[in-house]
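Notes to accompany the following structure.
The values are calculated or read from the model by the stated rules, or taken from the named source; none is laboratory data. Just so it is clear, the model here is predicted, and its values are computed rather than measured. All Cβ positions, even for glycine, are placed from backbone atoms using ideal geometry, and neighbour counts span all protein chains on display. Side chains are part of the model used for accessible areas, which takes the heavy atoms of the whole protein and leaves out ligands, DNA and RNA. Shrake-Rupley method; radii C 1.70, N 1.55, O 1.52, S 1.80 Å.
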Protein chains: 2
Amino acid sequence: MAHRSLPLSQVYRLLEPGPVVLVTTARKARPNVMAMSWHTMLEFEPPLVGCVVSDRNHTFAALKATRECVIAIPTIEIAKQVVGCGNISGRSVDKFARFGLTPMAASRVAAPLVAQCYANLECRVVDTRFVARYCFFVLEVVKAWIDRARKDPRTIHHRGMGSFMVAGPTIRLPSKAR
Amino acid sequence: MAHRSLPLSQVYRLLEPGPVVLVTTARKARPNVMAMSWHTMLEFEPPLVGCVVSDRNHTFAALKATRECVIAIPTIEIAKQVVGCGNISGRSVDKFARFGLTPMAASRVAAPLVAQCYANLECRVVDTRFVARYCFFVLEVVKAWIDRARKDPRTIHHRGMGSFMVAGPTIRLPSKAR
């Protein structure tokens, strides 16, 4: 694990392809982690991310109370653990222990990084105006970490009903977009 | 091209993996099309999609004025045309003609479907409260079409700087999520 700092201007490159991510929180010194697929970039820099955290999830209350989280981006190697995190509530279980995930201290937030993930984004909640209507939180990424040793991270992408697309080859096309 | 109707309850399965999509609009009988990657599901059914359309894009004004669009989901076969649509503005060019894309009449909105895309989602704008701050539109999918002949659609996923991940294999994991 060689987690290096990533310039915030590059964060969108991690989230645009739509990976399943883990979201960690820490409330009353108790870390928790959930799986999430409903997220989108909202701004390049500072990176703003919009995401839906259902009010049925244990994470919802922690996110509202602490206004901090970590978005950790997993790859195929830990797909079973990721799906496991999505299948069980943190109300009664320490999911880090249950699934052998290692919490690591973050630098700017109390929520932990996930050591096994190839990228980790420390986030603060900056806008809650859409939470009541859509459970939609606006997060600002305040610090980003990446394992640069992982050249071709095979992220997983939720297709519903137990079906996941695994990232295939990368191609280059002459795009004028950032 | 065998575009069949898809139950609205299944729409999230198309958008969750994070594909680059095309967005079509029709203003003053003039169709236009742009490429987009900043989108997320907000609700299963009726399917609500949140998406960022920059106010620098020609589509922004059309979307505000008509409150309708189509989200068309392309695959690797037309990746060059998709990136081309993202590289040029519809202000001066008929992008359908330029890139050999075929507009087809939609059933519920004036914006056209894109015949070459394996799925098309007819959308109405239902919430514009986040447009001023984030250029974030909330869309309701009112009709969905899919080409069921395409068993393993290889969608493309933007990784920034001209880099695109192409959808790889699909795996199954015992997820309790929908």
> Dipole size in debye (nearest 20) for the range A:1-115 around its Cα centre, Lys and Arg Cβ +1, Asp and Glu Cβ -1?
Replying inline: 480
> What is the interface area between chains B and A, defined as buried accessible area summed over both chains with a 1.4 Å probe, reported in Å² to the nearest 100?
Replying inline: 5200
> Sequence-distant or interchain residues sharing an amide H contact under 5 Å with residue B:72, placed H: which?
Replying inline: B:22, B:23, B:24, B:121
> Using modelled amide H (1.01 Å from N, peptide plane; none on Pro or chain starts), what sits under 5 Å from the amide H of residue B:43, excluding residues fewer than 5 places away?
Replying inline: B:48
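Hand me the tally of lysine pairs in the protein assembly as shown: alpha carbons under 15 angstrom apart, and the pair either on different chains or 8 or more positions apart.
6
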> Just A:131, A:52, A:93 to compare: in a GNM of chain A, with alpha carbon springs under 10 Å, which one fluctuates most?
Replying inline: A:93
> Can you pull the mean other chain C-beta count within 10 Å for peptide A:49-60?
Replying inline: 1
> What does the charge add up to near residue A:160, with Lys and Arg as +1, Asp and Glu as -1, over the other residues with Cβ less than 9 Å from its Cβ?
Replying inline: +2
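Would you tell me the mean number of C-beta atoms belonging to other protein chains that fall within 10 Å of each C-beta in A:39-46, as a whole number? Can you show the working numbers first?
Details: counts 4, 13, 6, 9, 5, 1, 0, 0.
Mean number of neighbouring Cβ atoms from other chains: 5.
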>> What does the charge count around residue B:139 come to, taking other residues whose C-beta lies under 13 Å from its C-beta (Lys +1, Arg +1, Asp -1, Glu -1)?
In response: 0
> Hey, what do the phi angles of the range B:37-46 turn into as Karplus ³J(HN,Hα) couplings, whole Hz, using 6.51/-1.76/1.60 and θ = phi - 60°, x for Gly and Pro?
Replying inline: 10, 9, 9, 8, 5, 10, 7, 6, 8, x
> Shortest first, in nm, what separates the label point of residue B:4 from those of the same position in the other copies (7 Å along Cα→Cβ)?
Replying inline: 4.9
>> Let me check I've understood the local charge: for residue A:30, count other residues with C-beta under 13 angstrom from its C-beta, Lys and Arg +1, Asp and Glu -1. What total comes out?
In response: +3
> Excluding ligands, DNA and RNA, what is the solvent-accessible area per residue of the range B:23-74 at a probe of 1.4 Å, expressed in Å²?
Replying inline: 36
> Normalised by the residues of chain B, what does the relative contact order come to in percent, with Cα pairs under 8 Å and at least six apart?
Replying inline: 27
> Where the accessible area of the range B:127-178 is counted over protein heavy atoms with a 1.4 Å probe, how much of it, in %, is carbon and sulfur?
Replying inline: 55
>> With θ taken as phi - 60° and the coefficients 6.51, -1.76 and 1.60, list the Karplus ³J(HN,Hα) couplings across the range B:165-178 in order, rounded to whole Hz; mark glycine and proline as x.
In response: 8, 9, 3, x, x, 9, 10, 10, 9, x, 8, 7, 5, 4
>> Can you compute the charge dipole magnitude of the range B:44-178 about its Cα centre, using +1 on each Lys and Arg Cβ and -1 on each Asp and Glu Cβ, nothing else charged? Give it in debye, rounded to the nearest 20.
In response: 240
> In the Gaussian network model of chain B, springs joining C-alpha atoms below 10 Å, which of B:162, B:50, B:86 carries the largest mean-square fluctuation?
Replying inline: B:162
> Distances from residue A:128 to the same residue in each other copy, label points 7 Å out along Cα→Cβ, in nm, shortest first?
Replying inline: 2.9
> Sequence-distant or interchain residues sharing an amide H contact under 5 Å with residue B:106, placed H: which?
Replying inline: B:113
> In percent, what relative contact order does the range B:73-178 have, based on Cα pairs under 8 Å that are 6 or more apart in sequence?
Replying inline: 22
> Along the range B:144-161, what does the Karplus equation 6.51 cos²θ - 1.76 cosθ + 1.60 (θ = phi - 60°) give for ³J(HN,Hα), rounded to whole Hz, x for Gly and Pro?
Replying inline: 10, 10, 9, 8, 6, 5, 8, 6, 10, x, 8, 5, 10, 9, 6, 10, x, 6
>> So if I take the centroid of the Cα atoms in the range B:1-35 and the same for the range A:129-168, what is the distance between those two points in Å?
In response: 22
